[in-house]
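See below for the structure under consideration.
The values are calculated or read from the model by the stated rules, or taken from the named source; none is laboratory data. None of these values were measured; they are calculated from a predicted model. Cβ placement follows ideal geometry from the backbone for every residue including glycine, while neighbour counts extend to all protein chains displayed. Accessible surface is based on the protein model in full, side chains and every heavy atom, while ligands, DNA and RNA are left aside. Shrake-Rupley method; radii C 1.70, N 1.55, O 1.52, S 1.80 Å.
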Amino acid sequence: MQVHITSSQMVKPSSYKLHLLKPFKLSLLDQLSPINYVPLILFYAKPHDSLIEGSQVSQQLKQSLEKALDQFYPLAGRTKNNLFISDYDEGVPYVETRVNGRLADFVDQNEVLEAMNQLLPYRPFCYVSNLTAPQLAIQVNVFECGGISVAVCCSHKIFDASTISVFLNSWAAFNRGSNGEIPNPNLLHASSRFFPPVESMPPNTSIEGLLFNQGSLKTRSFVFDANAIAALVSKAKSNSLEHPSRVVSLSAFLWKHAIQAARSASRTLKPAILSQAVNIRQRLKPQLPDYSIGNLFLLPTSTYNSVENDIKLTELAYLVREGEKSVTSDFQDLLQGEEGFKVITQELGEIAETVSKGNAEFYTLSSWLNTLDGKEDFGLGKPTLFSIPGVDSHNHEFSNCFILKQAMQDNAIEAWITLSDKDMGFLEHDQEFLTFASPLRLKFDKFEDLES
């Protein structure tokens, strides 16, 4: 199907007073985060009783976006010197398109997630060297049937999953005519008070080299239903970990089979490092709300050093849980100022050196469960589908990554996975893996029911 751009403009906050606001300071954690766009697409089928055309919906979305940007004004600005965000009147790129075809047919024909990238305003999950790139970009795609998709690209310079979720909920509330205001705007920029930026960031201190790789990559999504997850929880139990959670058990399972795939592809036995994102808003003293903007998460690592052929799920589950537990209450004091900068960069440097020499595999994991559920109702009902597009393998792309999100089925979890083409080839034919995982099929009767 062809996607034709019909309009492209900048949407700016509606308030004329934003120029009076001070620059939004980045935190140390934001400074260390390389720019890349995290994408998500929300699909909405047109209800039978709706007389509103897609173009009218898009116009309303623009107006409500202006209100949401009044609340989340840094999202309309530009980063300066990797220290702060200002120029809030620069705005957010907003693209409108017409898709030559029906929404149901588009979804049915595009089971390869990379094909969905044509619905995005920017390329996803690739390293962006332009430090003044927009923080946010929107593309609204209108299908012939009247269905639409709202595609959002969020810069990881100041967006984490919590920030994305709260912003989308605020925007959706304004679009429904409800109150999308945040309770305490003074806490919007609290992250830099907890983790002040360093005035001069030395080169080569970001985690770019660990997260982004060149080469042929492939993205696939797999669904783990309630029975599969329960079975994995049972298998992950041990004397060391008597009550593993669903997330810990599934994370360990994904890590195990990614390690096995890498070993099969390379025919070498290497240690493997897993870095998992841990939201620290509720672990800070005092705690911060979800609407505090910034990368308020840490990336504790777990290392599997064994080079035995038999990889035990129980051992990996224990390592995953210990990694999560390592984010203790004293991290807040450790990560202050120049000393905090040294602590983070020294650990990252050691890992990067090990991985760059080919002495270990490196993986990252983020769980969007209970944080970003893709159920935002813009007045169109809840989305029929919430999708994360795939990495499209140009260069310098996000790799060796797992994202966990709520699946469409009750109590099921969808695992979004990007690996090298070779590693994914082994994973897709791993019979033990496929005993628990079902390849995602983007076919939903709801589309046909609503559009017929």
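Considering each residue of the stretch 217-253, count those that are within 12 Å of Arg321 (Cα to Cα) and assigned to a helix (DSSP H, G or I), and give that number.
Residues in the stretch 217-253 being within 12 Å of Arg321 (Cα to Cα) and assigned to a helix (DSSP H, G or I): 8 in total.
Can you go through Ser170, Ser200 and tell me which one is out of contact with any strand residue (DSSP E or B) (no Cβ under 7 Å at 6 or more places or on another chain) and at pLDDT 95 or above? Give the derivation first.
Values: Ser200 fails: at pLDDT 95 or above.
From the options Ser170, Ser200, the qualifying one is Ser170.
Which ones in the stretch 389-413 are modelled with pLDDT under 90 and among the hydrophobic types (A, V, I, L, M, F, W, C)?
Val391, Phe398, Met408
Could you figure out which of (1) of a type in the set (Phe, Trp, Tyr); (2) open to solvent by 40 Å² or more (accessible area, probe 1.4 Å); (3) at pLDDT below 90 isn't true of Phe447?
So the condition that Phe447 fails would be (2).
So how many residues does the stretch 369-387 have that are within 15 Å of the chain's Cα centre (by Cα) and assigned to a loop (DSSP other than H, G, I, E, B)?
Filtering the stretch 369-387 for residues within 15 Å of the chain's Cα centre (by Cα) gives 369-374, 386-387.
Narrowing further to those that are assigned to a loop (DSSP other than H, G, I, E, B): 369-374.
Adding up the residues that qualify gives 6.
Only residues that are over 19 Å from Leu365 (Cα atoms) and touching a Leu at 6+ places or on another chain (Cβ under 8 Å): list them for the stretch 217-265, please.
Pass one, the stretch 217-265, residues over 19 Å from Leu365 (Cα atoms): 225-228, 230-231, 234-235, 237-243, 263-265.
Across the stretch 217-265, the qualifying residues are Lys235, Arg263.
So, of the residues in the stretch 101-119 that are surrounded by fewer than 23 Cβ atoms within 10 Å (Cβ to Cβ) and touching an Asp or Glu at 6+ places or on another chain (Cβ under 7 Å), which turns out to be farthest from Phe386 (Cα to Cα)?
If we take residues in the stretch 101-119 being surrounded by fewer than 23 Cβ atoms within 10 Å (Cβ to Cβ) and touching an Asp or Glu at 6+ places or on another chain (Cβ under 7 Å), then Gly101 is farthest from Phe386 (Cα to Cα).
At least 2 residues that are of a type outside the set (A, V, I, L, M, F, W, C) and surrounded by 15 or more Cβ atoms within 10 Å (Cβ to Cβ) in each: list the helices (runs of 4 or more DSSP H) lying fully within the stretch 254-368 that qualify.
Working: elements: 313-325, 331-334, 337-356.
Filter on the stretch 254-368 gives 313-325, 337-356.
Which residues, taken from the stretch 9-23, are open to solvent by less than 90 Å² (accessible area, probe 1.4 Å) and either modelled with pLDDT under 90 or among the polar types (S, T, N, Q) (or both)?
Residues satisfying the conditions are Gln9, Ser14, Ser15, Leu18, Leu21.
Residues in the stretch 157-176 that are assigned to a loop (DSSP other than H, G, I, E, B) and either of a type in the set (Lys, Arg) or surrounded by fewer than 21 Cβ atoms within 10 Å (Cβ to Cβ) (or both): how many? Before you say what the answer is, go through the steps one by one.
As a first pass, look at the stretch 157-176 and keep what is assigned to a loop (DSSP other than H, G, I, E, B): 157-160.
Imposing the further condition that a residue be either of a type in the set (Lys, Arg) or surrounded by fewer than 21 Cβ atoms within 10 Å (Cβ to Cβ) (or both) reduces the set to 157.
Counting residues in the stretch 157-176 that are assigned to a loop (DSSP other than H, G, I, E, B) and either of a type in the set (Lys, Arg) or surrounded by fewer than 21 Cβ atoms within 10 Å (Cβ to Cβ) (or both) gives 1.
Exactly one of (1) touching a residue at least 12 places away in the same chain (Cβ under 8 Å); (2) open to solvent by 20 Å² or more (accessible area, probe 1.4 Å) is unmet by Asn179. Its number?
Going through (1) touching a residue at least 12 places away in the same chain (Cβ under 8 Å); (2) open to solvent by 20 Å² or more (accessible area, probe 1.4 Å) one by one, Asn179 breaks only (1).
Checking Leu21 against (1) closer than 16 Å to Gly294 by Cβ; (2) in contact with a helix residue (DSSP H, G or I) (Cβ under 9 Å, 6 or more places away or on another chain); (3) among the aliphatic types (A, V, I, L, M), which test does it fail?
Every condition holds for Leu21 apart from (1).
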